[in-house]
1. Please determine whether any residue of the stretch 65-79 is touching a residue at least 60 places away in the same chain (Cβ under 8 Å) and surrounded by fewer than 18 Cβ atoms within 10 Å (Cβ to Cβ).
2. Looking at (1) over 20 Å from L94 (Cα atoms); (2) more than 14 Å from the chain's Cα centre (by Cα), can you tell me which one E138 breaks?
3. Kindly establish whether L170 is in contact with a Pro (Cβ under 8 Å, 6 or more places away or on another chain) and either crowded, with 20+ Cβ neighbours inside 10 Å or over 22 Å from G44 (Cα atoms) (or both).
4. Is it the case that G205 is touching a strand residue (DSSP E or B) at 6+ places or on another chain (Cβ under 7 Å) and either part of a strand (DSSP E or B) or not hydrophobic (A, V, I, L, M, F, W, C) (or both)?
5. Anything in the stretch 136-155 that is loosely packed, with under 14 Cβ neighbours inside 10 Å and not in a helix (DSSP H, G or I)? List them, or say none.
6. Could you please find all residues in the stretch 127-184 being among the small types (G, A, S) and closer than 27 Å to A79 by Cβ?
7. Residues being within 18 Å of the chain's Cα centre (by Cα) and part of a loop (DSSP other than H, G, I, E, B): count how many of those fall in the stretch 36-51.
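None of the figures in this text is laboratory data; all of them are computed from the coordinates on show. What you are looking at is a predicted structure, and each value in this text was computed from that prediction instead of being measured. Because the Cβ atoms are built from the backbone with ideal geometry, glycine has one as well, and the counts that use them run over all protein chains shown.
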Amino acid sequence: MSISENLQKITSRIPNEVTLVAVSKTKPVSDLMEAYNSGQRIFGENKVQEMVEKYEQMPKDIEWHMIGHLQRNKVKYMAGFVSLIHGVDSFKLLIEIDKQAKKHNRVIDCLIQIKIAEEDSKFGMSEADAHWMLNSEEFLQLEHIKVKGLMGMATFTNNMAQVENEFNYLNQTFQNFQEFESTNFQPEIISMGMSGDYELAIACGSTMIRVGSNIFGARNYSN
């Protein structure tokens, strides 16, 4: 199946209120343009340099989402255009995003990444640390970021009962955090679910899914 046929198949399966992020990491601009010409406008990258290069070559009505682990020293390169940063896993990173957004006179939307997986390789804040941050005076003083919700990555496993528990935990954390709503915390988004488990994620309350290989095919990491 072509990229456009894959996209059509996925969009026909997901509710209108669920946002599809096409994960385009390692894929050439020609593949992204095929998705773009089929109507896709939201693309997710996990490396800042690759996202910047694609941003410069592609139409400017695209929303670019940073979905990978983000180092503080890389924020400045994308602060002028990034639409949503999914993986905010520390308060220090959020402060840096605020600082770089201010230089561009922008407010950058972010998601707090909560660690829901058992694997050590997965990043994220604990619920307790995120709770402290959202409740702190320092957080309320950040004027150039807006936290729009939470993101989580489930354990890489065939045990779908475990994955379901992790998705439900993120949804429950999202519900628990509603009390913190403020000028810069407006929780609307639960970003969870990828190619192998997005239908389960939606059943567990996801409002944003990150799908790559089901759209673009297997990745070539040798590039």
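1. no
2. Status for E138: all satisfied but (1).
3. The answer is no for L170.
4. Working: touching a strand residue (DSSP E or B) at 6+ places or on another chain (Cβ under 7 Å): yes; either part of a strand (DSSP E or B) or not hydrophobic (A, V, I, L, M, F, W, C) (or both): yes.
In short, yes.
5. Those that are loosely packed, with under 14 Cβ neighbours inside 10 Å and not in a helix (DSSP H, G or I): S136, Q141, E143.
6. Correct list: A130, S136, G149, G152, S182.
7. To start, the set of residues in the stretch 36-51 that are within 18 Å of the chain's Cα centre (by Cα) comprises 40-51.
Subset that is part of a loop (DSSP other than H, G, I, E, B): 40-41, 46-47.
Total meeting the criteria: 4.
This table checks each residue for (1) out of contact with any helix residue (DSSP H, G or I) (no Cβ under 9 Å at 6 or more places or on another chain); (2) among the hydroxyl-bearing types (S, T, Y); (3) assigned to a helix (DSSP H, G or I); (4) closer than 22 Å to K103 by Cα.
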site	(1), (2), (3), (4)
Q8	yes, no, yes, no
E34	no, no, yes, no
E53	no, no, yes, yes
V75	no, no, yes, yes
